[in-house]
Amino acid sequence: MIIAIDGPSGAGKSTLGKMLAKKLGLLYLDTGAMYRAVAFAVLEKGESCSDALKASEIARDSQIELTGEPENLRIKLNGVDISTEIRSKEIAQAASVVSTNSEVRKILVKHQQELGKYGGGVLEGRDIGTVVFPDADIKFFLTAKPEERAGRRYKEDQLRGSALTFEETLEEINQRDKRDVTREDSPLSIAEGAIVIDTSGMTLEEILELMLQKIDDAKPTAVQG
């Protein structure tokens, strides 16, 4: 079974993707981490993420691996574990720029398809149900009000020692949303047949229970397909 989870930043895709994969015993693929890995590689080489040609060349030459259990996913770049490094604010912003690069997206989408087609899995990102796996067995689109998504991201960043205020975090969320929905290649959108869940005001346990129920309801259709 392949389960696609799409949605804007801060909607809970990563946390719920991991919970769902663990619950169902499936592979978990954080596609956003792959874009962060490319951004890290570009910056490590002293190049600009805005340089489309350089970024695509580096993405093509980079070996990105995702290993481990959902709750302890490790990301390796050319054999080196960069799981901690790619979670910085600088890399997050750089990844947002890299993700608008059409050639980089083609390279990573192909890689994601290869990873997901062997044994299925839970894949989360912004174009899983529309581009990477449009024929996924189950497609979710998670969303929430910008203020709530910013609040979640603000709390996460505070734990990492970030000095950003809530207002600055909200502005970053809004800017990321604008880039995601207006980019020319694979803009963020709701995939055909996707189950839309507004997570505003819901606990993780409530959302997970709802997703599991939706998966259970769709199983006969998924099997027939």
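Scanning segment 182-197 for residues that are assigned to a loop (DSSP other than H, G, I, E, B) and of a type in the set (S, T, N, Q), which turns out nearest to residue 102 (Cα to Cα)? First the steps, then the outcome.
Residues of segment 182-197 that are assigned to a loop (DSSP other than H, G, I, E, B), as a first pass: 183-194.
Imposing the further condition that a residue be of a type in the set (S, T, N, Q) reduces the set to 186, 189.
On the way: 186: 8, 189: 16 Å.
Filtering first and then ranking leaves 186.
Listed here are the residues, each with its yes/no results for (1) without any contact (Cβ under 8 Å) to a residue 40 or more places away in the chain; (2) in a loop (DSSP other than H, G, I, E, B); (3) surrounded by 20 or more Cβ atoms within 10 Å (Cβ to Cβ); (4) under 14 Å from the mean Cα position of the chain (by Cα).
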residue: 5; (1), (2), (3), (4): no, no, yes, yes
residue: 16; (1), (2), (3), (4): no, no, yes, yes
residue: 19; (1), (2), (3), (4): no, no, yes, no
residue: 23; (1), (2), (3), (4): no, no, no, no
residue: 29; (1), (2), (3), (4): no, no, yes, yes
residue: 36; (1), (2), (3), (4): no, no, yes, yes
residue: 42; (1), (2), (3), (4): no, no, yes, no
residue: 48; (1), (2), (3), (4): yes, yes, no, no
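Within segment 55-84, the set of residues being at pLDDT 95 or above and assigned to a helix (DSSP H, G or I) comprises 55, 56, 57, 58, 59, 60, 61. Restricting to segment 131-142, count the residues that are under 14 Å from the mean Cα position of the chain (by Cα) and modelled with pLDDT under 95. Of the residues in segment 131-142, 3 are under 14 Å from the mean Cα position of the chain (by Cα) and modelled with pLDDT under 95.
In segment 202-216, the count of residues that are touching a residue at least 40 places away in the same chain (Cβ under 8 Å), over 30 Å from residue 88 (Cβ atoms), touching a Phe, Trp or Tyr at 6+ places or on another chain (Cβ under 8 Å) and assigned to a helix (DSSP H, G or I) is one or more. Among the conditions (1) modelled with pLDDT under 90; (2) assigned to a loop (DSSP other than H, G, I, E, B), residue 157 misses just one, which is (2).
Taking segment 112-130 as the range and being more than 19 Å from residue 70 (Cβ to Cβ) and surrounded by fewer than 20 Cβ atoms within 10 Å (Cβ to Cβ) as the test, the residues that pass are 113, 114.
The values are calculated or read from the model by the stated rules, or taken from the named source; none is laboratory data. In this text, all values refer to a predicted model and were calculated from it rather than measured experimentally. With ideal geometry, Cβ positions are generated from the backbone for all residues, glycine too; neighbour counts draw on all protein chains shown.
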